[in-house]
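Trainee: Next up is a structure, given as structure tokens.
The values are calculated or read from the model by the stated rules, or taken from the named source; none is laboratory data. None of the values given here were measured: they were computed from a predicted structure. Cβ placement follows ideal geometry from the backbone for every residue including glycine, while neighbour counts extend to all protein chains displayed. Just the protein is used for accessible areas: all its heavy atoms, side chains included, with ligands, DNA and RNA removed. Shrake-Rupley method; radii C 1.70, N 1.55, O 1.52, S 1.80 Å.
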Amino acid sequence: MRNPARLSRAASSGAVPESADRFQVFTERQLDQIPELARLTEAERFAMRVVAQVLPFRVNRYVIDELIDWDNIPHDPIFQLTFPQPGMLQPTQFQQIATALNTGLGQGELRTLCAAIRHDLNPHPAGQMELNVPRIGAERLPGLQHKYRETVLFFPSQGQTCHAYCTFCFRWPQFVGDKELRFAANEAGRLHDYLRLHPEVSDLLLTGGDPMVMKTKYLASYLEPLLAPQFEHLTTVRIGTKALSFWPHRFVHDADADDLLRLLERLTTAGKQVAIMCHFNHPRELSTPTVRAAIRRLRDTGAVLRSQGPLVAHINDDPAVWAQLWRTQVRLGIQPYYMFIARDTGARHYFEVPLVRAWQIYRGAIGQVSGLARTARGPSMSAGPGKIEMLGVTEINGAKVLALRFLQGRNPAWTHRPFFARYDTEATWFDELRPAFGEEQFFFEQEYGAMLEAAQA
Ligand SMILES: *Cc1c(COP(=O)(O)O)cnc(C)c1O
Ligand code: SF4
């Protein structure tokens with residue numbers, strides 16, 4: 001981190017340091033060019049290279065200079081969030097890649113090996129590819145997902161990357177060049193056609209990657225037309241982003257930052273709700289003068305800021321961290337919205353936290369903050385049937401059980417109906433749970449199975 005005294009002076013005077021460092025990015029190929037990594041041993045740097053063969057890596061100067069505390073590596077949470085860690089691969093996978101690098105295996109063979117390992121990391125959890133792609137007539141619309149009645153997800157092709165990559169990323173396959181694992185759309189027309197035909201949709205959610213990596217002119221081509229009267233039913237535009245963490249200059253100093261703010265302002269002035277769904281994992285991300293300025297500027301457009309992020313080991317599996325994160329957010333005008341359970345994909349074994357433990361952390365954090373910070377829901381799993389919230393551990397007729405409910409269901413009728421699973425301190429994902437009272441299945445499973453079959457037919 002830079003000199004804290006300088007940061008706090010800048011913050012108190014309201015001044016924002018210039019974007020002296022233009023956006024400078026480092027990927028797997030430039031690992032050697034990050035001088036800060038000299039603090040690691042040769043073996044640690046090699047391990048990083050091994051993991052980065054399989055899982056995506058991208059970091060930038062802002063993250064390196066302003067977010068990571070280099071006196072505390074490798075334990076520093078932002079270092080864990082962005083730099084490949086040896087534990088992210090299983091020992092046998094790690095060994096295979098290490099041997100390949102040491103013996104100078106050919107590029108083609110290395111690629112094949114990496115592809116095989118990626119294939120074993122459940123690249124597409126929750127049936128995203130098959131089940132949720134909507135159609136107009138017989139035409140499939142790639143780049144759109146319509147899973148829950150009110151909300152359509154849109155993956156603009158120019159937004160399918162991020163300013164840096166999270167080590168736990170649940171959309172990691174699209175960052176490692178597996179083109180067939182990528183869903184993206186590059187034209188606005190189909191999106192607008194679909195929205196016109198679906199008056200039940202109130203929310204459009206732009207997602208990625210990070211849509212905020214896009215130039216403002218592209219964002220405008222998707223969003224500006226929504227001001228027309230045919231889109232009266234579309235009341236909310238949500239934009240999912242981690243740019244406030246990874247590149248807040250996007251909203252302050254980038255060449256088209258002001259244009260972006262004016263675009264958002266046109267939408268809010270016309271009566272749309274603009275919700276910036278910011279992805280945060282740790283209070284450190286909210287600490288720099290640039291992110292503070294970015295938040296102020298976004299709020300000034302009339303947009304609402306809501307936060308969401310996963311609970312992950314090595315980064316934020318601590319009630320005190322979440323309590324501080326939520327408190328800071330409320331103070332800055334960001335509404336805590338979701339705490340997620342890390343998805344069952346990628347390096348999950350390194351980051352996963354058992355459901356019971358996750359709930360204890362959630363509850364421990366909620367208990368420390370005022371009601372205004374208790375708007376965070378969760379811990380929640382985005383699973384095939386829907387978003388399932390861990391309500392907690394309780395006892396029924398002397399038996400310990402887990403109480404759960406849908407926050408979103410593939411069938412809206414499932415929403416908020418409590419159900420119970422057998423107590424299990426090990427389970428880290430919904431598919432490891434069993435019904436609590438000897439039932440064959442959970443109440444929705446038969447219907448969900450039929451939906452899967454219908455989609456494959
Ligand atoms: C989370 C999610 C949404 C939005 O759900 P809300 O509870 O309204 O925030 C929409 N579509 C998909 C596929 C989602 O995972
Ligand atoms: S911001 Fe989201 S999409 Fe981008 S790397 Fe992180 S988890 Fe993945």
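Trainee: Go through region 239-279 and report how many residues are within 16 Å of ligand 1 (Cβ to nearest atom) and under 19 Å from residue 312 (Cβ atoms).
Mentor: So the answer is 6.
Trainee: Only one of these is open to solvent by less than 30 Å² (accessible area, probe 1.4 Å), within 16 Å of ligand 2 (Cβ to nearest atom) and touching a residue at least 24 places away in the same chain (Cβ under 8 Å): 312, 321. Name it.
Mentor: Selected residue: 312, the only one of 312, 321 that is open to solvent by less than 30 Å² (accessible area, probe 1.4 Å), within 16 Å of ligand 2 (Cβ to nearest atom) and touching a residue at least 24 places away in the same chain (Cβ under 8 Å).
Trainee: Could you please find all residues in region 215-251 being within 16 Å of ligand 2 (Cβ to nearest atom) and outside any helix (DSSP H, G or I)?
Mentor: Across region 215-251, the qualifying residues are 238, 239, 240, 241, 242, 247.
Trainee: Here is a further query. Among the residues of region 256-267, is any buried (at least 19 other Cβ atoms within 10 Å of the Cβ) and under 30 Å from residue 341 (Cα atoms)?
Mentor: no
Trainee: Can you tell me which residue within region 385-416, out of those that are of a type in the set (Gly, Ala, Ser) and open to solvent by 10 Å² or more (accessible area, probe 1.4 Å), is nearest to residue 443 (Cα to Cα)?
Mentor: Per the criteria, the residue is 413.
Trainee: Just one of (1) in contact with a Pro (Cβ under 8 Å, 6 or more places away or on another chain); (2) at pLDDT below 90; (3) among the hydroxyl-bearing types (Ser, Thr, Tyr) trips up residue 148, so point out which.
Mentor: (2)
Trainee: Is at least one residue of region 433-445 at pLDDT 95 or above, within 16 Å of ligand 1 (Cβ to nearest atom), surrounded by fewer than 20 Cβ atoms within 10 Å (Cβ to Cβ) and part of a strand (DSSP E or B)?
Mentor: No, the conditions are met nowhere in region 433-445.
Trainee: Consider only pairs whose beta carbons are under 7 Å apart and that are at least six residues apart or on different chains; among these, list those whose first residue lies in region 154-170 and is of a type in the set (S, T, N, Q) and whose second residue is open to solvent by less than 20 Å² (accessible area, probe 1.4 Å) and not in a loop (DSSP other than H, G, I, E, B).
Mentor: From residues that are of a type in the set (S, T, N, Q), the pairs are 157/185; 160/174; 167/80; 167/81; 167/82; 167/88.
Trainee: Suppose we filter 224, 232 for residues that are out of contact with any helix residue (DSSP H, G or I) (no Cβ under 9 Å at 6 or more places or on another chain) and on the phi < 0 side of the Ramachandran plot; which single one remains?
Mentor: Within the list 224, 232, the selection yields 232.
Trainee: Go through the residues of region 220-237 one by one and say whether even a single one is crowded, with 19+ Cβ neighbours inside 10 Å, touching a residue at least 12 places away in the same chain (Cβ under 8 Å) and closer than 23 Å to residue 336 by Cβ.
Mentor: Within region 220-237, one or more residues are crowded, with 19+ Cβ neighbours inside 10 Å, touching a residue at least 12 places away in the same chain (Cβ under 8 Å) and closer than 23 Å to residue 336 by Cβ.
Trainee: Checking the conditions here, which among 421, 427, 455, 450 is small (Gly, Ala, Ser), in a helix (DSSP H, G or I) and in contact with a helix residue (DSSP H, G or I) (Cβ under 9 Å, 6 or more places away or on another chain)?
Mentor: The conditions single out 455.
Trainee: Might you let me know whether region 345-354 holds any residue that is in a strand (DSSP E or B), charged (D, E, K, R) and open to solvent by 40 Å² or more (accessible area, probe 1.4 Å)?
Mentor: no
Trainee: Next question, about the same structure. Just need a number here: residues in region 80-121 that are open to solvent by less than 10 Å² (accessible area, probe 1.4 Å) and β-branched (Val, Ile, Thr).
Mentor: Residues in region 80-121 being open to solvent by less than 10 Å² (accessible area, probe 1.4 Å) and β-branched (Val, Ile, Thr): 3 in total.
Trainee: Tally the residues that are part of a loop (DSSP other than H, G, I, E, B), open to solvent by 10 Å² or more (accessible area, probe 1.4 Å) and either closer than 14 Å to residue 27 by Cβ or more than 9 Å from ligand 2 (Cβ to nearest atom) (or both), restricting the search to region 152-166.
Mentor: The number of residues fulfilling the criteria is 4.
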